[in-house]
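The values are calculated or read from the model by the stated rules, or taken from the named source; none is laboratory data. Bear in mind that the values here come from a model prediction, so they are computed numbers and not experimental data. For neighbour counting, all protein chains shown are included, and Cβ atoms are generated from backbone atoms with ideal geometry for every residue, glycine included. Surface areas here come from the heavy atoms of the whole protein model, side chains and all, with no ligands, DNA or RNA. Shrake-Rupley method; radii C 1.70, N 1.55, O 1.52, S 1.80 Å.
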Amino acid sequence: MRHAIHYATLETGQQACSAAMIEITPIPAFQDNYIWMLHEPDPGQTWVVDPGDAAPVEAALAAQGRSLDGILITHHHPDHTGGLDALLAARDIPVLGPQNPSIRRLTDHFGHGDRFSLLGYEVEVLATPGHTLDHICFLFAGHQPPLLFCGDTLFAAGCGRLFEGTPVQMHASLALLAALPPETLLHCAHEYTLANLAFAAAVEPDNAEIQARTARCRQRRDQGRPTLPCSIGEELATNPFLRSETDAVRRTAISRGLPPTATAVDVFATVRAWKDRF
């Protein structure tokens, strides 16, 4: 059975996107993180993705009168795992994540191509090394539109820093996500959108789609609303890290010293290194 999706928020006065059977709530954490909370209709299950901090999760559960039934983890960084001990102190629930022994509280480990059932859907695990070597994404491919929980691999108009992986790895990971259906909705772990769009505009100053998206996202933030989720289609039109093979991004990389014979990976690496200093 295919369910509709509903986006809720903890911010007063914000409105949901659509009527739904499964609800997704972005829980703000730290300065710019989102912990995604997914739940079925009452009395269905409730799961969270990447709880770096337990306190906002507990507050969201209490506000909605829900219990926590499980946790998804995309990678080992503390702002994605730091709330595990507190959330599990009085709970015996599954914690699903990558094959990384440093994440001590995992109950189930998954790698690329693994599948499991959750909230009425089959979830496919996609390995996306680059930001970290253990990074995975969770794809609800059977939902219409498909849903992707992509941690710090792919951001709205950006991508994660290469803390552990190589440009070759990250470029391949982004290509994997870019090949998903364009209507796929991305649930990224950070509210970086406006800063990423400012960089995207520097890479492609003549890209009207970037300008229009910036205006839309600035309006949402001015209203106190998240810029997420966003779609793969939007990213293909505006995200320079998914556009390494376009003439416009290549010209910019060449203007920054890259030889004209450079590969798409070289273009990606040059643009990513520029973003690190932007």
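Observations
- Enumeration of residues in the range 238-264 that are in a helix (DSSP H, G or I) and crowded, with 17+ Cβ neighbours inside 10 Å: 238, 240, 241, 242, 249, 250, 252, 253
- Residue list for the range 215-236, filter: assigned to a helix (DSSP H, G or I), surrounded by 21 or more Cβ atoms within 10 Å (Cβ to Cβ) and of a type in the set (A, V, I, L, M, F, W, C): 217, 232
- Index of the failed condition, residue 153 passing every other in (1) polar (S, T, N, Q); (2) more than 30 Å from residue 268 (Cα to Cα); (3) touching a residue at least 12 places away in the same chain (Cβ under 8 Å): (2)
- Residue 133 being over 21 Å from residue 180 (Cα atoms) and open to solvent by 10 Å² or more (accessible area, probe 1.4 Å): yes
- Scope the range 176-186; condition in contact with a helix residue (DSSP H, G or I) (Cβ under 8 Å, 6 or more places away or on another chain) and of a type in the set (Gly, Ala, Ser); matching residues: 178
- The set of residues from the range 79-99 being of a type outside the set (Asp, Glu), under 27 Å from residue 113 (Cα atoms), open to solvent by 20 Å² or more (accessible area, probe 1.4 Å) and in a helix (DSSP H, G or I) comprises just one member, 81.
- Residue in the range 181-194 that is at pLDDT 95 or above, surrounded by fewer than 19 Cβ atoms within 10 Å (Cβ to Cβ) and more than 16 Å from the chain's Cα centre (by Cα) present: no
- Going through (1) open to solvent by 10 Å² or more (accessible area, probe 1.4 Å); (2) of a type in the set (Gly, Ala, Ser); (3) farther than 28 Å from residue 169 by Cα one by one, residue 102 falls short only on (3).
- The residue that is nearest to residue 38 (Cα to Cα), among those in the range 172-213 that are touching a residue at least 40 places away in the same chain (Cβ under 8 Å) and polar (S, T, N, Q), is 184.
- All conditions but one from (1) over 23 Å from residue 168 (Cβ atoms); (2) under 14 Å from the mean Cα position of the chain (by Cα) apply to residue 142; the one that does not is (2).
- Just so you know, in the range 265-278 the residues that are of a type in the set (Lys, Arg) and open to solvent by 30 Å² or more (accessible area, probe 1.4 Å) include one that is farthest from residue 240 (Cα to Cα), and it is 277.
- Annotation: residue 76 fulfils all but one of (1) more than 22 Å from residue 147 (Cα to Cα); (2) at pLDDT 95 or above; (3) under 21 Å from the mean Cα position of the chain (by Cα); (4) open to solvent by 40 Å² or more (accessible area, probe 1.4 Å); the unmet one is (1).
- The residue that is farthest from residue 155 (Cα to Cα), counting only those in the range 195-214 that are open to solvent by 60 Å² or more (accessible area, probe 1.4 Å) and over 19 Å from the mean Cα position of the chain (by Cα), is 206.
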